[in-house]
Amino acid sequence: QVPLVESGGGLVQAGGSLRLSCAATEDTGALYAMGWFRQPPGKERELVAAITWSSVTVHYADSVKGRFTISRDDFKNAAYLEMNSLKPEDTAVYYCAAAPSITTIRAGQADAWGQGTLVTVSS
């Protein structure tokens, strides 16, 4: 099984909100950097947001700035993505990821991945 698991996906109308959760499925120790990727149908996977230990550094894709908020619980090795003002173009499978550094995640790589959770935004 993969070490991370996502939840919170679903169907929502444009302008609505969803909150995604990610949790480690085994004892992997501290995860320094965590993030969220998404892959729209038939498209390439892209980074949505990333965050470091203690939430010192946060990164957002330009397409979600001002609408999405990433957060984490360091003790639980969990990450969250609050999505507001959702648009149809946000429709995708969202994947949680973890890596030793935010630089690694921003390069599109990760050491651990979740199975993905589907977010569908209707117009």
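The values are calculated or read from the model by the stated rules, or taken from the named source; none is laboratory data. Nothing here was measured: the structure is a model prediction, and the numbers come from that model. Ideal geometry is used to build each Cβ from the backbone, glycine not excepted, and the neighbour counts take in all protein chains shown. These accessible areas exclude ligands, DNA and RNA; they are computed on the full protein's heavy atoms, side chains included. Shrake-Rupley method; radii C 1.70, N 1.55, O 1.52, S 1.80 Å.
Rounded to the nearest 500, the 222 nm mean residue ellipticity of the chain from helices alone is -1000 deg cm²/dmol, with -39,500 (n - 2.57) taken per DSSP H run of at least 4 residues. Derived from the Cα gyration tensor, the three semi-axes of the equivalent ellipsoid of the stretch 1-115 are 22, 14, 14 Å, largest first.
Sequence-ordered 3J(HN,Hα) estimates for the stretch 104-116 from the Karplus curve with 6.51, -1.76 and 1.60 and θ = phi - 60° stand at 4, 5, 5, 7, x, 10, 7, 8, 9, 9, x, 7, x Hz, glycine and proline given as x. Note on SER7 and LYS76: the model spin-label points, each 7 Å out from Cα along the C-beta direction, lie 0.9 nm apart.
Per atom type, the stretch 20-82 shows carbon and sulfur on 49% of its accessible surface, probed at 1.4 Å. Sequence-ordered 3J(HN,Hα) estimates for the stretch 36-45 from the Karplus curve with 6.51, -1.76 and 1.60 and θ = phi - 60° stand at 10, 10, 9, 9, x, x, x, 10, 7, 6 Hz, glycine and proline given as x.
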